Each structure stands twice: as structure tokens, then as C-alpha cells.
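Notes to accompany the following structure.
Every read-out reported here was derived from the displayed coordinates using simple, explicitly stated rules and does not represent laboratory data. Bear in mind the structure is a predicted one, so any value in this text is a computation, not a measurement. Cβ sites come from the backbone with ideal geometry, for glycine too, and all protein chains shown count toward neighbours.
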Amino acid sequence: MPELKTTYELITKKDKESIKVLYERYGKKLFGYARKKWKVNEDENWDLVYKTLYRVLETSSNYKFESESKFSGFVFTIFINNLRNFYRDRKNLPIEIIELDASFSDVTDSVGETKPSASMNFLIAELDQLEDWERILLLMKIQDVPYAEIAKFTGKPEDHLKVYYGRLKKKLADKLNEKINTNKIQQA
């Protein structure tokens, strides 16, 4: 029976297959650990997992590992450091809660018809600029559809959707914040 190669031996090429091996052997373990022990939400958790796996791939050639358990300790040490940095950076950020005010509610015109407000039209225009798969991702995730199901409709890998979703949310939130702040400045 051939001897199984250690993860370290399998990732020496630092290619797509290497990251796949790391994900298969450590991705879900890291995700589960952060979810259970650190209470990290799903999207941020996947970002941290991928950040860790790429960091392991970049730095592992600087070390020699006697066994798989030593390598595993190396992976988890990087992950724990990423988690600590994540919470440290997050602690220092001001919490900004934006309430959607009346500018996002529908407007009734003089004839009595209800029409979207200027702010809502802005949001609709931003959503229209997204690719179809991005809109599908946002709408299905808002309804708590699992990533595995969403992947069937978007044609994108399930694991990538987790990262795309976080980025899309941030992009839309930033644009909405900018629009709201611009409106407040104009009204002042």
C-alpha cells in the first residue's frame, strides 16, 4: 500500500491544486472552529479561512515540518492570529448603523399613484448594474437559501459565492452610505 503524502508534501508546487488540498483538509475544520468558538458570521468566517489558506501556501516553504500534526499546528496558529487581528481591527472600527429613512419609502404623487422614491430608484439602478448571477446571489442569500443551491443557479463554485456575497454586500452598503451622506449634505 503506497504511503499517503502529507499536506506539506502536496502543496510544494503552490498551484491551484495546492489550495484545493489545503481547503479539503483544513477549510471546514477552520470554519467550524471559528463559528463555534469565536462566533464569527459565515461570510467573514470564509474570508478568514481563505486568507489563512493562502497565507499558509505563501509561507510554508520557509519551514520544515516533521509530521502532519506539526503542519496542522502551523495552519491553526496562522488562523488564530488572523482571528485575533480580525477582532482587534473590528473593535477599533466605529459602528455605523444607517436607518433607511423616509427617503427610501414610496412616494404618492398628485394622482394618488405610488412611485418609488429617488433613493429607492438609486438602489434599483445600482442593482440593475450588477450581473445576473450577482443579483441572483443577493436575492437568494437574503432568503437564506444555502450556497449549494445558489451555486446551481449562478454557475459559480459554492465556496467562491461566500466571498462574492460579502463583497457585494459591502459594495452596495458603501454606495448607499455615500448616497445617504450626499443627500444629508445637500439638505443641510
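Listing for the model above:
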{"quantity": "Extension gain from residue 54 to residue 42, taking 0.36 nm per residue of separation minus the Cα-Cα distance", "calculated": "2.5 nm"}
{"quantity": "Cβ-defined net charge surrounding residue 77, 12 Å radius [Lys, Arg +1; Asp, Glu -1]", "calculated": "+3"}
{"quantity": "Highest to lowest packing among 48-55, 69-76, scored as the average C-beta count within 10 Å", "calculated": "48-55, 69-76"}
{"quantity": "Spin-label model distance (nm) - residue 160 vs residue 70, 7 Å beyond Cα toward Cβ", "calculated": "3.6 nm"}
{"quantity": "Pairwise FRET efficiency - residue 115 versus residue 16, Cβ, R0 = 45 Å, nearest 0.05", "calculated": "0.35"}
{"quantity": "Exposure proxy ranking, count of Cβ atoms within 10 Å, fewest first, for 164, 63, 23", "calculated": "63, 23, 164"}
{"quantity": "Part-to-part distance (alpha-carbon centres) for the stretch 136-153 and the stretch 1-51, which is given in Å", "calculated": "23 Å"}
{"quantity": "Potential extension, residue 179-residue 62 segment - 0.36 nm per residue separation minus Cα distance", "calculated": "37.4 nm"}
{"quantity": "Cut-off 12 Å between beta-carbons: net charge of the residues surrounding residue 151, Lys and Arg +1, Asp and Glu -1", "calculated": "+1"}
{"quantity": "Net length gained if the chain between residue 92 and residue 124 were fully extended (0.36 nm per residue, minus Cα distance)", "calculated": "8.2 nm"}
